[in-house]
1. Rg to Rh for segment A:75-172: what is it, with Cα atoms only and Rh by Kirkwood?
2. List every residue whose amide H lies under 5 Å from the amide H of A:A87, counting only residues 5 or more places away in sequence or on a different chain, with H placed 1.01 Å from N in the peptide plane.
3. Output wanted: per-residue J couplings in Hz (rounded whole) for segment B:76-85, from phi through Karplus 6.51 cos²θ - 1.76 cosθ + 1.60, θ = phi - 60°, x for Gly and Pro.
4. Using unit Cβ charges (K, R positive; D, E negative) and no other charged atoms, how large, in debye to the nearest 20, is the dipole of segment B:65-335 about its Cα centre?
5. Would you work out the relative contact order for chain C, in percent, from Cα pairs under 8 angstrom that are 6 or more residues apart?
6. Just the number, please: carbon plus sulfur as a percent of the accessible area of chain A, 1.4 Å probe, no ligands or DNA/RNA counted.
7. Work out the P(r) tail for segment B:202-241: percent of alpha carbon pairs separated by more than 14 Å, whole number.
8. Using the Cα atoms of segment A:275-329 to build a convex hull, what is its mean projected area in square nanometres?
Amino acid sequence: MNTQTRRLVLAGIVSLSLVAVACSDDKTAETTTTPAASSTDAPVVTEAPVKLEATLDASGATFPKTYYEEAIAAFTEANSGVTINYAGGGSGKGRQDLADGIVAFAGTDGTIKDADLAGYKGGEVLYFPTVVAPITVSYNLSGVDGLQLSPTTIAKIFQRQITKWNDAAIAAENTGVTLPDTAITVVHRSDSSGTTGNFTKFLEKSVGKDKGAIWTLGTDSTVQWAADTQAGEGNAGVAQIVKSTDGAIGYVDFSDATDGGLQMASIENAAGKFVAPSLEGASAAAAGAKIADNLTYSAIWADGDAAYPIAAQTWIIAYKVQTDAAKGEALKAFLKFILTDGQTLASTVNYAPLPAELATKALAQLDTLQIG
Amino acid sequence: MTAINTSSPSPDTSSVTGNDIATLERGLHASGGSADRAFKSTAYLAGGLVLLVLGLVTYTMVNRSTDAWSHMGLDFFTSRTWNPPEQVYGILSYIFGTVYTACIALVISVPLSLGIALFITQVAPRWLQRTMTYVIDLLAVVPSVVFGLWGVLVLSVHIKGFYTWMSSTFDGVPVLGSVFGPNPQGRSFFTAGIILAVMITPIIVSLSREVIQTTPQNEKEAALALGATRWEMIRGAVLPHSKGGLVGAVMLGLGRAMGETIAVALVIGSATGRIGLNVFAGGNSMPAVITAEWGEADVLKKSALIAMAVTLFVMTILVNVIATTVVNRSMKKTRGI
Amino acid sequence: MSTTLNRVGAEQLALDLRTKRSWRSTKSQLMVALMFLAFIVILIPLIAVIGTVVSKGAGIVFRDFPAWFTKGIPGRTRVVGPGMGPAIIGTLVITGAASLLAIPLGILGAVYLHEYGRQSKPAQVVRFLSNVMTGVPSIVMGLFVYVIFTLRFGLSGVGGSLALACLMLPVVIRSTEEMLRLVPDHLREASYALGTRKGRTVLTIVLPSALPGVVSGCLLAVARAAGETAPLLFTIGLITKKANLNIFSGANTTLSAQIFRNAGEVLPGPQERGWGAAFTLVAIAFLFTIIARLVTSAYQKRR
């Protein structure tokens, strides 16, 4: 008897760790049953009008993040069964996550390179344009508001060829402004970013290889910045460094720059006019853009006196074939919301809605989404 | 946990009576007991777990990084060009940043730590010893991400004035002029170094304390009896005695500093390709790059980032192995085993 | 005491004690002052960090008192207002699961080292490697778990727990072995003399008498694990703003992750939440440390 109890005691305590782990198993098993139970309810509910039940994970561009968060909040208020997590992380992360199939959709400000298409596990990818907005050239120079900068000067600043704010080139574009002797701190993105892609595309198109080769870094979601620069993660990260650093300059989305109270430069556009970043300027740029069949387009360096030269487009990308029916329905409803009622939310958080023609095309494309 | 360690463990006694116990145990084992055997084998398995985990870490990580090695060859270490769109992955500048920030941290932390450890062990009265130990250990409890938050939102903003003053003071002075170089940034090697110094100080202090406390009391008393002042006693008896162990303690701090991720990622400035003496310039370190670029990495880039982690792993393990060996040896010597 | 000793002839010393005593004692006092100064210097960042965290964070946490703990993280990053509930739950659950894995295994590992392996070659190797393992950077552990676990099973809280457990394991082993070493051998001998088998001796005699020390060491390891961020980046995903009690599937979030995210924001709302999360996390870590200290001091008093 003695040995038996002893064995029991020993075995009991020895397997303490296993029991403990098993306990946690039980606990979580309980909690898993709750959502599971509610999702088994879902088919019953679908007999009623459409009760959407799904959790959509998403990541990607930080440029439209403020707008997406606003749209998600409004959409999920109306559809309480849907949870959407938009994580940001940069366009590059969004595209990679979609390729790996770990998100339901991704935000991106740039298109997928042909070479990368093969890596997309879920097959064909659809582009849904969502909003348009200016990329600002924001700076921190107390007392100097409304700075005017040409693409040439911007290119030289970001390539560290102009390193002082009172440089002759900047002074020449800002007559009557007293510029301080402050050193320039260039701030760019540390992550793979559509904002970087569009900003460098602006410089490539205006003063790049074919236009005097002043800008030599090319255009991509990451480029080879000089080593004596600073980088922040996401648009907010760049905005944070610009805001806290005297003499800093960086490229930031209009919404974060406005909310963060940053100073924004007026940029010389293709027509030779200096234009301050504004939603009207972005809309003007997008209106004339040539739209490809897959709804990709570029509003960068657009023609027209009123067009802001660094107006960036942005897309939500998703697989054409949605294998999970619940998620597919939720995604479709969300995209529909963004392309219709959600468009009116855009200007409340400093984004410009899509040109009407483009929104119509996007809605038509939404119908091609295959669910199940 | 270090505070408890110091209550003089006595391996001497255990080794003396160890034989007797072993004899007793052998007698008991003879009588069997399956539960007893089960317990024993569970304990052995748990012990083996350390080997298993370390082995698996080494194997899987090296395995996953082979793509990057074969793609880049030796350039992986010798090139400072990190250009993911072109699939060029050279990590030289990140190795530099990792080592440089860790060195800055040591330069700041070592004198402070040794001073504190000596004060606690040789000067402070008993009540103050305990208070000081608690206070220093508090530093170790603050999570690194909290240091990072403070570093990025407070320190890096307010310290720029000091950097500018240093930079202009040392302008034109040989060597120091390029170390405290021009165009200082709030987020820089130096800011990262400061944060790291604060983080490794409790580690170095607690180990140094242990090492210093192994100095035999009679040697210290002999020095004092010969008329040495307190400092002369420290220099003549304590320091020579614990030199080896102190080197080990400092190296453990170095290893910790090289591996620190989050705090550094937030304050180092994230500039690519930076190799230079200027401590006030922004740069980047290996763990910070892995953190920032992991999410967007495709297959080859993930492999390159893992290869970078392997490099970091090997560097920190080497430092740690040397440090542990040095500490063990000096402890053994001083305990007279 | 030292003053009387100092009067004894200083001529024949190995140390050069022939210089004037007044200068030597001034120098000694100067060095002692410098040592104390070092302590003051390190207090500056400690006070600055904790002071800022408390002054900026405590206000946020208590401004909307229960809401900070009960509400979710706001979906709109830009808004000002409370909600860290999911991250607090995430921290507790993920760290808790890590502790359930690491503490029993770590204690058993220490039992192996001190009760079975002792000074044998394999035990020495394990002891050495577990010392070395404490130095493995946390980011390497995170990537390791990503490769062996997350790649196969996807983002989940358990991945984070595994990474944290790997980091805790050597710490628990080390501190527990130190404690087992303090258990006097005559207790073991007495137990054997009564015919008790070794496993039972360890469980009923050795571990209970080392328990307070073991508990305190484990609590400190838990406090440190709760603050880890880097290994979680790869394993739990950080993206969710809603509570996810199911650590076996789906993205999760923790306080440390939220601090990291909000540290890179420019607007006051998210920055406030960052400070609030920092205050909460530091409070949790300090709480564990204080409990550990109390356990230790109660133990020492008893002895």
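1. Taking Rh as the inverse mean 1/r over Cα pairs, Rg/Rh reads 1.15.
2. Here the answer is A:A58, A:S59, A:G60, since their amide H atoms fall under 5 Å of that of A:A87.
3. Working through the residues one at a time gives 3, 8, 9, 9, 9, 8, 10, 9, x, x Hz.
4. The dipole of segment B:65-335 has a size of about 900 debye.
5. The normalised contact order for chain C reaches 25 percent.
6. Carbon and sulfur atoms account for 54 percent of the accessible area of chain A.
7. The calculated P(r) of segment B:202-241 puts 45 percent of pairs beyond 14 Å.
8. With the hull built on Cα positions only, its mean projection is 4.9 nm².
The values are calculated or read from the model by the stated rules, or taken from the named source; none is laboratory data. The structure displayed is predicted, hence computed values, not measured ones. Methodologically, a virtual Cβ is constructed for each residue, glycine included, from the backbone with ideal geometry; neighbour enumeration extends over all protein chains shown. Side chains included, ligands, DNA and RNA excluded: accessible areas come from the protein's heavy atoms. Shrake-Rupley method; radii C 1.70, N 1.55, O 1.52, S 1.80 Å.
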